[in-house]
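Here the structure is laid out as structure tokens; the discussion comes afterwards.
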Amino acid sequence: MKVTRFLTAPVLALFDFRIYREVRDEKPGTAVLYNLYLTALLGVALTIFGFSFMPKIDAFVHWLKTEYPGMTLSADGMKLDKPGRVILTHPQLGPLVAFDDSVETVTPSEIGSIQLFVTSKMVYTQKEARSFGGFSNENKAAFKNTPPLHLDGEIIERGYRKYKNLVVGGILFIVLFFMFVVKLILGLIFGALGFLIQLFLPRKLEFEKLFVLASFAFSIELWITILGNIPNLGRFFNGGIGLVLSLVYFVIAISIQPKPTPEN
């Protein structure tokens, strides 16, 4: 397969079905490389979307810097620099977190719509309105050798500035690696489905050829994923649609293959 055809395949595979005849006899290694190429293109798109979204994250961290209360976490629990109850309420997101070092437990009615409620000993979620751990007496042994940790908005902001590129890059790598592996697994599953599809067709392609065709059929899934990350379009383009359309393209890719000659 020519390099130019390979590089433009994510677009050509959407409307130029001749490419599925071209790649039929390619080695499985080409399919793996193509899946890697699709994943790289997705990574570029997600990076662009990430850059456009970063100002919102920066603004949120700046808000935390001014609103997050100073506190000390130790084996004895959570202690605010200024004792009492502090509720972090975001202008757009509403009440997010509450801190209260004057109590150990709270009731569901006190939690209300607050997403996270931290007392002197426990941490509660709003969803289930019950504790799931924290600095209880049973857990003190795990913290007894840990020095007290002081947190405030400025410390959080400095940590964010220092490590955000590393964290964002790491998360992106993990997501893309996971998606690459998923594509390979789906390619194998599609290959198995290809044998069932061929029961109704005169073509009898080997499994490795079906795997190659499936890999190139995933081109449509790339564009669906990209469209799904565009604001206001995400609800119309989700991963399920991309998978279904990939299967449709895969069936088309099989059906347009040359019919076997009478000798075969």
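The values are calculated or read from the model by the stated rules, or taken from the named source; none is laboratory data. Note that the coordinates shown come from a computational prediction; the quantities given were computed from them, not determined experimentally. Cβ sites come from the backbone with ideal geometry, for glycine too, and all protein chains shown count toward neighbours.
Computed quantities for the displayed model
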read-out: Any hit, the range 66-78, residues being touching a residue at least 40 places away in the same chain (Cβ under 8 Å) and assigned to a helix (DSSP H, G or I); value: yes
read-out: Residue match in the range 126-149 (condition: closer than 25 Å to Gly84 by Cβ and modelled with pLDDT of 85 or more); value: yes
read-out: Options Gly70, Gly84, Gly94: the member that is on the phi > 0 side of the Ramachandran plot and more than 31 Å from the chain's Cα centre (by Cα); value: Gly84
read-out: Matching entry among Phe207, Phe195 (being among the hydrophobic types (A, V, I, L, M, F, W, C) and in contact with a Gly (Cβ under 6 Å, 6 or more places away or on another chain)); value: Phe207
read-out: Residue list for the range 143-188, filter: of a type in the set (Phe, Trp, Tyr), over 28 Å from Tyr68 (Cβ atoms) and loosely packed, with under 15 Cβ neighbours inside 10 Å; value: Phe173, Phe177, Phe178
read-out: Residues of the range 202-223 that turn out to be in a helix (DSSP H, G or I) and not aliphatic (A, V, I, L, M), as a count; value: 9
read-out: Residue in the range 189-201 that is nearest to Pro28 (Cα to Cα), counting only those that are touching a residue at least 24 places away in the same chain (Cβ under 8 Å) and assigned to a helix (DSSP H, G or I); value: Phe190
